[in-house]
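These notes concern the structure reproduced below.
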Amino acid sequence: LKLVGVVHACCAELCAAMAEGDPGASPMAAVEDGPRICDPGGGGQWLPIGAQWENEMNPRLRMILYFAGMIYSFLGVSIVADTFCAAIDRLTSVQSCARVGNSKRFKTSPVWNDTVANLTLMALGSSAPEIMLSLNDILKRNFVQGKLGASTIVGSASFNLFVIIAVCINAIPDGEVRVIKETGVYAITAVGCIFAYVWLLFIVAINGPGRIDVIEGTMTFLWFPILVVLSYYADIGVLTTTNLKAIFRRKMEASFEDEPKTWLEKFKVDNHREEDIDEEERARRAAEKAAKEAAMAARQKERGLSGEGQTQEKKPLCSRLRKCCSCSCRNCFRICMRRKARSAKSEEDKKDDEEKGRLTVEDGEELDGEEEEVNSYLADPAIPLLDDDGEPLDNEHGILTFTTFSMVIRASEEESKHKIKVVRKNGNEGKVSCKYRMEQLSAIPGFDYEDDEGTLVFRDGVNTAEVEVTILAKKPGERSDRFQIVLEDAEGGATFNPDYDGEEECQRLTIMVANKMRAGRGITTFLDRLLNLDEMRQGTALWKEQVWEALYVGGSKEEQDQAGFIEWMWHLIWLPWTLLFNLFTPPPAYLGGWVCFVVSLGHIAWLTIIIGDMAELFGCVADLDDQITAISFVAMGTSVPDLFASMTAAKQDEYADASIVNVTGSNSVNVFLGIGLPWMLAAFYWRIKDGSEFEVTPGDLGFSVIVFT
């Protein structure tokens, strides 16, 4: 390490010479002179805690203790990073289920785009320790450059690109291959990864060496949303090489064909008159205009905007006013008659009508007991499913679908069971199967319904199967909720109905669990509609469960009874971190995962403070420069969670996007957020304070960036 430090210092002088060549350059910023963190009178943010007696310890013993403390802090980061990623998984798994018009159809789509989620939430989750460390390194020194933040970012990028990708390649089972599916997103993140460090080198060592102004700091941060937007458009198929080539080709053709090539042609275009057009062109334009007028007239007639003998003529103003007034009078008369009829009913009938009307508006279906309206087109196996041209879809093994687009099941004070029918249409040859599962929306498994999953099997010639759903009891005044039954992974040659929610990938039946027991608008009803009390109860139960899991070896009493010496040893090593985080970190069930997300981010923040102090103490006692410590030990420790996450993805996922694209995206986010955010804040701070610029040391950082790039 000392040899690396010497080589690093010698080569860094080459980059520092660029700053010395600028006569207007400000003196390079450095940490204020004073005792080092390990010397008497020195100290960090929280450490050392032993003060004088700690300084009197044997230096070698102190070095071992600080190194062990730094490694143990990395273990804590890995644990809280897992919780942080669990919260992100909960956030990104939220589905938006919207009704299609006034029909009974629903359209389900993820709230988060996968690419946007990977570059924002997932990248923030995997790079949070580095980003927090870099931000804290600037803030704790009152916006003066430190040695840990930027060097940790560069070291982490090297570890990600070289070590993690190498481990992922070797983790793939023998005989298997992983292919990058979203090549457009990969290309953008890979280019962004290299561009990020080229840009960093440019602003540090070339453009005003040693100084970061407000524009440079702000642009470094703004490259992050630009990267997200470009990746999003590449993911949805807008920003592709084919589209770019087509746009470029159209512009070239337009520039060569339409642009006047001589002065005479330009004069003719500027002084163009109708009589200059020949008869053939005039006839063509007249025919085109007539066709447009005919199409407009047909469209108006179809929409009811034109009368029996009218095409382009507008109705008189008084006629339209007369029609509007008559419609308003009829509507008012209907409303008055409705109110009169409603007031004549008894109080009990009035409540029933209001409940029935509410279900009709919110749920789109009226049910009595367990009766449900069945769509004959979907339910009858003898009626084939048709394509857009009205022709039967061709599949001799069958097309699987539900018998209705949505359902309403009324819950009561007692548990009830319901049979959901699945049909096989357009063919029934051979044995086919598919898997089914429940997916929560606002309904909570264990409180509104019983979660279940399994496999439906259709034998040769069989057209129907059933899924049993258990609806749990509801209390008076409890909110109505929704969940879905999902069919997926069809086997045996069967496919899914393309004209259904989920299309050919899966089938999603939306079920509304309606509470027929109404109650007054009390505080419980208000809180249930605001927070979903069942979700709060689920979160409380999971919180108790995770605390007990932290106490038991292996997570349960049964596992603890069979645990050996090695399991007990690892349990005792991990126990302080697992118990601390499981006790003070709520599970992702609360508020869709946002509470767990914020609390986990707070844990990472205070852990990075300890890691920063530990790294400086270790480097000070071992006589290593802080940049050497940051670019090696700290960078490796903060990247270990990424290593295991990417290695698991390389083993289990079908494609390499989650492992390889995560590396390129994480490296870009590290620079744009981990360096861009603190440097932007520092640039604004010094501009507002005394009109100066934020100063950095270009030599060491520039050398590291050159080596990596």
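What about Leu222, is it farther than 18 Å from Val661 by Cβ, open to solvent by 50 Å² or more (accessible area, probe 1.4 Å) and either at pLDDT 85 or above or not in a strand (DSSP E or B) (or both)? So Leu222 passes the test.
If the condition is being in contact (Cβ under 8 Å) with a residue 40 or more places away in the chain, part of a helix (DSSP H, G or I) and over 30 Å from the mean Cα position of the chain (by Cα), then region 190-213 contributes Leu201, Val204, Ala205, Ile206.
Of all residues in region 121-138, those satisfying the criterion of being of a type in the set (A, V, I, L, M, F, W, C) and at pLDDT below 80 are Met122, Ala123, Leu124. Exactly one residue out of Gly430, Gly454, Gly446 is over 24 Å from Lys107 (Cβ atoms) and surrounded by 15 or more Cβ atoms within 10 Å (Cβ to Cβ), and it is Gly430.
For region 629-650, indicate whether the set of residues that are over 33 Å from the mean Cα position of the chain (by Cα) and surrounded by 22 or more Cβ atoms within 10 Å (Cβ to Cβ) is non-empty.
Within region 629-650, one or more residues are over 33 Å from the mean Cα position of the chain (by Cα) and surrounded by 22 or more Cβ atoms within 10 Å (Cβ to Cβ).
Of all residues in region 369-380, those that are under 28 Å from Ser412 (Cα atoms) have Cβ atoms under 6 Å from Cβ atoms of residues that are in a loop (DSSP other than H, G, I, E, B) and modelled with pLDDT of 85 or more, 6 or more apart or on another chain, in Val374/Thr403; Val374/Thr404; Asn375/Thr404; Ala379/Thr403. With respect to (1) closer than 13 Å to Leu400 by Cα; (2) open to solvent by 30 Å² or more (accessible area, probe 1.4 Å), the lone exception for Leu531 is condition (1).
Every test in (1) open to solvent by 50 Å² or more (accessible area, probe 1.4 Å); (2) of a type outside the set (Lys, Arg); (3) modelled with pLDDT of 90 or more; (4) not in a loop (DSSP other than H, G, I, E, B) is passed by Val423 save one, and that test is (1). Of everything listed in (1) open to solvent by 60 Å² or more (accessible area, probe 1.4 Å); (2) over 27 Å from Leu607 (Cα atoms), the single unmet condition for Lys147 is (2). Checking the structure you have, find out if any residue of region 678-698 is at pLDDT below 85, over 28 Å from Pro588 (Cα atoms) and open to solvent by less than 10 Å² (accessible area, probe 1.4 Å). Within region 678-698 (the criterion being at pLDDT below 85, over 28 Å from Pro588 (Cα atoms) and open to solvent by less than 10 Å² (accessible area, probe 1.4 Å)), the answer is yes, since at least one residue qualifies. With respect to the stated conditions, Ile604 fails to be over 28 Å from Phe162 (Cβ atoms) and part of a helix (DSSP H, G or I). The sole residue among Asp657, Asp623, Asp653 that is surrounded by fewer than 24 Cβ atoms within 10 Å (Cβ to Cβ) and more than 28 Å from the chain's Cα centre (by Cα) is Asp623.
Which one of Arg459, Arg410 is farther than 26 Å from Arg90 by Cα and open to solvent by less than 60 Å² (accessible area, probe 1.4 Å)? One residue alone meets the criteria, Arg410. Taking the conditions (1) within 20 Å of the chain's Cα centre (by Cα); (2) more than 16 Å from Gly676 (Cβ to Cβ); (3) touching a residue at least 24 places away in the same chain (Cβ under 8 Å) in turn, Pro173 satisfies each one other than (1). Hey, does region 67-84 have a residue that's in a loop (DSSP other than H, G, I, E, B) and modelled with pLDDT of 85 or more? There is no residue in region 67-84 that is in a loop (DSSP other than H, G, I, E, B) and modelled with pLDDT of 85 or more. Filtered by the rule that a residue be under 10 Å from Met614 (Cα atoms) and either in a loop (DSSP other than H, G, I, E, B) or in contact with a Lys or Arg (Cβ under 7 Å, 6 or more places away or on another chain) (or both), region 39-66 gives Gly44, Trp46, Leu47, Pro48.
Of all the listed residues (Ala190, Ala157), the sole one being farther than 29 Å from Gly237 by Cβ and surrounded by 15 or more Cβ atoms within 10 Å (Cβ to Cβ) is Ala157.
Going through Gly210, Gly175, Gly155, Gly184 one at a time, which residue ends up being in contact with a strand residue (DSSP E or B) (Cβ under 7 Å, 6 or more places away or on another chain) and among the small types (Gly, Ala, Ser)?
Numbers: Gly175 fails: in contact with a strand residue (DSSP E or B) (Cβ under 7 Å, 6 or more places away or on another chain); Gly155 fails: in contact with a strand residue (DSSP E or B) (Cβ under 7 Å, 6 or more places away or on another chain); Gly184 fails: in contact with a strand residue (DSSP E or B) (Cβ under 7 Å, 6 or more places away or on another chain).
Just one listed residue meets the conditions, Gly210.
With respect to the conditions (1) assigned to a helix (DSSP H, G or I); (2) open to solvent by 40 Å² or more (accessible area, probe 1.4 Å); (3) closer than 21 Å to Ile131 by Cβ, Val167 falls short on a single one, namely (3). Out of curiosity, is Val179 in contact (Cβ under 8 Å) with a residue 60 or more places away in the chain and either touching a Lys or Arg at 6+ places or on another chain (Cβ under 7 Å) or surrounded by 14 or more Cβ atoms within 10 Å (Cβ to Cβ) (or both)? Spelling it out, it is not the case that Val179 is in contact (Cβ under 8 Å) with a residue 60 or more places away in the chain and either touching a Lys or Arg at 6+ places or on another chain (Cβ under 7 Å) or surrounded by 14 or more Cβ atoms within 10 Å (Cβ to Cβ) (or both).
When Ala29, Ala25 are checked against the criterion of being in a loop (DSSP other than H, G, I, E, B), modelled with pLDDT under 80 and crowded, with 17+ Cβ neighbours inside 10 Å, a single residue qualifies: Ala29. Of the residues making up region 493-510, just one is on the phi > 0 side of the Ramachandran plot and either in a strand (DSSP E or B) or not small (Gly, Ala, Ser) (or both), namely Glu503.
Mind checking whether some residue in region 476-492 is on the phi > 0 side of the Ramachandran plot, open to solvent by 60 Å² or more (accessible area, probe 1.4 Å) and part of a helix (DSSP H, G or I)? Within region 476-492 (the criterion being on the phi > 0 side of the Ramachandran plot, open to solvent by 60 Å² or more (accessible area, probe 1.4 Å) and part of a helix (DSSP H, G or I)), the answer is no, since none of the residues qualifies.
With respect to Thr510, determine if the residue is closer than 30 Å to Lys425 by Cα, open to solvent by less than 80 Å² (accessible area, probe 1.4 Å), modelled with pLDDT of 90 or more and hydroxyl-bearing (Ser, Thr, Tyr).
yes
For Val513, the conditions (1) β-branched (Val, Ile, Thr); (2) part of a helix (DSSP H, G or I); (3) under 34 Å from the mean Cα position of the chain (by Cα) all hold with the exception of (2). Would you mind stating whether Thr242 is touching a residue at least 60 places away in the same chain (Cβ under 8 Å) and part of a helix (DSSP H, G or I)? Against the criterion (touching a residue at least 60 places away in the same chain (Cβ under 8 Å) and part of a helix (DSSP H, G or I)), Thr242 does not qualify. For region 532-548, check the following and say yes or no: at least one residue is part of a loop (DSSP other than H, G, I, E, B) and either closer than 18 Å to Gln440 by Cβ or within 35 Å of the chain's Cα centre (by Cα) (or both). Yes, region 532-548 has at least one match. Look through region 176-189, keep the residues that are hydrophobic (A, V, I, L, M, F, W, C) and not in a loop (DSSP other than H, G, I, E, B), and return whichever of them is farthest from the chain's Cα centre (by Cα). Filtering region 176-189 for residues that are hydrophobic (A, V, I, L, M, F, W, C) and not in a loop (DSSP other than H, G, I, E, B), the one farthest from the chain's Cα centre (by Cα) comes out as Val179. Among the residues of this structure, Leu575 does not count as one that is open to solvent by 70 Å² or more (accessible area, probe 1.4 Å) and not in a loop (DSSP other than H, G, I, E, B).
The values are calculated or read from the model by the stated rules, or taken from the named source; none is laboratory data. These numbers were taken from a predicted model, which means no experiment stands behind them. Cβ: placed from backbone, ideal geometry, glycine included. Neighbour counts: every protein chain shown. Surface areas here come from the heavy atoms of the whole protein model, side chains and all, with no ligands, DNA or RNA. Shrake-Rupley method; radii C 1.70, N 1.55, O 1.52, S 1.80 Å.
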